[in-house]
1. In this structure, is Ile183 in a helix (DSSP H, G or I) and either more than 13 Å from the ligand (Cβ to nearest atom) or at pLDDT below 95 (or both)?
2. Can you work out which of the residues in segment 302-326 that are over 20 Å from Glu347 (Cβ atoms) and among the charged types (D, E, K, R) is surrounded by the most Cβ atoms within 10 Å (Cβ to Cβ)?
3. Check off (1) open to solvent by 10 Å² or more (accessible area, probe 1.4 Å); (2) touching a Gly at 6+ places or on another chain (Cβ under 8 Å); (3) within 15 Å of the ligand (Cβ to nearest atom) for Ile420 and give me the number that stays unchecked.
4. Residues of segment 249-267 being closer than 18 Å to Leu230 by Cβ and open to solvent by 40 Å² or more (accessible area, probe 1.4 Å), which ones?
5. With at pLDDT below 95, on the phi < 0 side of the Ramachandran plot and touching a Ser or Thr at 6+ places or on another chain (Cβ under 6 Å) as the only criterion, which of Ser278, Ser216 stands out?
6. Is it the case that segment 228-235 has a residue that's touching a Pro at 6+ places or on another chain (Cβ under 7 Å) and either open to solvent by 20 Å² or more (accessible area, probe 1.4 Å) or touching a residue at least 12 places away in the same chain (Cβ under 8 Å) (or both)?
7. For the structure I just gave you, tell me whether Lys329 is within 16 Å of the ligand (Cβ to nearest atom) and open to solvent by 10 Å² or more (accessible area, probe 1.4 Å).
Amino acid sequence: MKVCVIGTGYVGLVTGVCLAEIGHDVICVDKDEKKISSLKKGQVSIFEEGLEELVRKNIDSGKLIFNSDTAQGVKEGEIIFICVGTPPLPSGKPNLTAIDDVARMIGKSLNGYKIILNKSTVPIGTAKRIKKIIKENQDQDNVSYKFDIVSNPEFLKEGEAVKDAFFPERIVIGSNSEKAIDIMKKLYGPIINQDFDYAKNNINKKQKVPILITDSTSSELIKYASNAFLATKISFVNEIANICERIGANILDVTYGMGLDERIGSRFMKAGIGWGGSCFPKDVRALAYTAEEYGSQASILNAVIHVNNQQRFKIIQKAMDLLGIIDDKAIGVLGLSFKPNTNDTREAPSITIANKFLELGAEVRVYDPIVKDYPDNLDKGAIFAKDPYEALKGADLMVLVTEWDEFLDLDFERIKSLLISPNIIDGRNFLDKEKLQDIGFKYVGIGN
Ligand code: UDX
C-alpha cells in the first residue's frame, strides 16, 4: 500500500521504517527541511538501536522516501499517518496546533478516498476534531472525496522502539468504518501474522499479535490509561520505598515479594527517582486535565504526579544528609538521559537534580554516555565531563541518575581514590551495594 507518514519524530520515523520494511511504499514528510535532508542521506538524529540501519536499507530498496512537501505526500498516500508532536501547555492540556495544521493541509490536498490515521497521543475526541477540520478545508474541487478517520495509538518505548514496532503486544484500531478497518487489517497483516523477513529467526517474534477494534474515543483512552497505569505503578512503588526508609525495610525484597503475585507482576516495579521522558509526564497530566474538564475526579492521577515530582528531590535530601551544607561541595552526576539507551532528556529527573544542586551552590559535573550537548533547561553552570572519572575527580559525592549498563563496569577502586569523600547515592538501586560497601563507600540507595 502507499503510505504517507507526517512527522519524522520518534513515532513517525519508526512507524515509517517499519511499514516500509514489511513491504509498503512509504513517504515520510516533515516540514523541517534540514531534518529531511539529513534523513535522505540516511542520517538519523535520534539514538535508537537498529533504526539508522533500517532507514538506510529501505532508502536503498526504494521503499522509503523522505520529502518536506506535506501536500505532495498526502496526495501520493492512500493511508495518511499523523505522527506530529502534541507538547503540553502549562495547564497540562496538549497543544494541538501541529495536528490542526496537518488536518487543514490534508483537507486541502485530498485527491481521492483516504484513511487518515492518528498515531500521535491526542486528547479524547481528537479523531472527531480532525474529521471536522478536514471537512472544513475541502474546497469545491475536492469536496466529493470521502475519507475515514482511524485512531491507532502507538505504544513504543524509547530505546526499544524498533522492537516494539515489529513485535507489539497489541494493535488498537479505533474506527466506525468497516472499510477502513478492513484496510487497516491488511496494512498490519504482516505484523499481525508475524510473517515478514525481519521477524525470521528474531528472538522477539510473536506467535500472533492481537488486534483490538474499538470506537475512536475508547482507542484514544486506551493509550492514556495504559501510560497512566504504568506511571501509577512506579509512583506507588516509590511511595512504598519511602515507607521502607522510615521503617527499615528493603524495597528490593518488598517489590520482589509483591511481584511474585501474578496479578501484580514484577515489571515496572523499580523504585528510583521517578519517571520522566516524553510520554508519562505529558500523558498523565493530559488525562488528569481531561478528567477534570469532563467533570470527573482525577484524585489518583494527581497523587501519582505529586509523588513523582517529590521523588527527584529525595536525592537532594539524601545529599544534604551526607554532606551537610551543599554550597561548597562538588558533585558528579552520572547519567542525563531520562532512561538508558536513549539520548532523550525531556522531563529527565537529571535536569531537576543537577539544577537544584547548582542552585544550592554546588559545583556540578555531569557525564552521560550519549548526551553530549546541554539539554534544554539544564543550567549552563553544569560542567560536562569527558568520562565518569573526570566528573568524579575531587568530588564530594557521586550521584547515579540513569542506569546505563556501562556504569556497572566502572573501576570503583579508582573512583574511591578520586573522590574527596567516598559517597555514592544510587538513584536507581542499580549498583552492587555490598561490593561498594566492602570497598569502603558510604552507599545510599532508594528504599533500601
Ligand atoms: C513509555 C511507555 O512504556 C510506552 O508504552 C509509551 O508508548 C511511551 O511511554 P518510554 O517513555 O519510552 O515509554 O519509557 P519507559 O521505559 O516506559 O520508562 C518511563 C519512565 O519510567 C522512565 O523515566 C523510567 O526510568 C521510569 N521507570 C520505569 C521507573 O522508574 N521504574 C520502572 O520500574 C520502570
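1. Yes.
2. Among them, the one singled out is Lys318.
3. Unmet condition: (3).
4. Answer for segment 249-267, where residues must be closer than 18 Å to Leu230 by Cβ and open to solvent by 40 Å² or more (accessible area, probe 1.4 Å): Met258, Asp261, Glu262, Arg263, Ile264, Ser266, Arg267.
5. Ser216
6. Checked segment 228-235: no residue is touching a Pro at 6+ places or on another chain (Cβ under 7 Å) and either open to solvent by 20 Å² or more (accessible area, probe 1.4 Å) or touching a residue at least 12 places away in the same chain (Cβ under 8 Å) (or both).
7. No, not satisfied.
Yes/no matrix, rows are residues, columns are (1) assigned to a helix (DSSP H, G or I); (2) open to solvent by 70 Å² or more (accessible area, probe 1.4 Å); (3) more than 13 Å from the ligand (Cβ to nearest atom); (4) modelled with pLDDT of 95 or more:
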| residue | (1), (2), (3), (4) |
| --- | --- |
| Gly274 | no, no, no, yes |
| Ala286 | yes, no, no, no |
| Ser296 | no, no, yes, yes |
| Ile300 | yes, yes, yes, yes |
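The values are calculated or read from the model by the stated rules, or taken from the named source; none is laboratory data. The structure displayed is predicted, hence computed values, not measured ones. No Cβ is skipped: glycine too gets one built from the backbone with ideal geometry, and neighbour counts run over all protein chains shown. Each accessible area value is taken on the protein alone, full model and side chains, heavy atoms only, with ligands, DNA and RNA left out. Shrake-Rupley method; radii C 1.70, N 1.55, O 1.52, S 1.80 Å.
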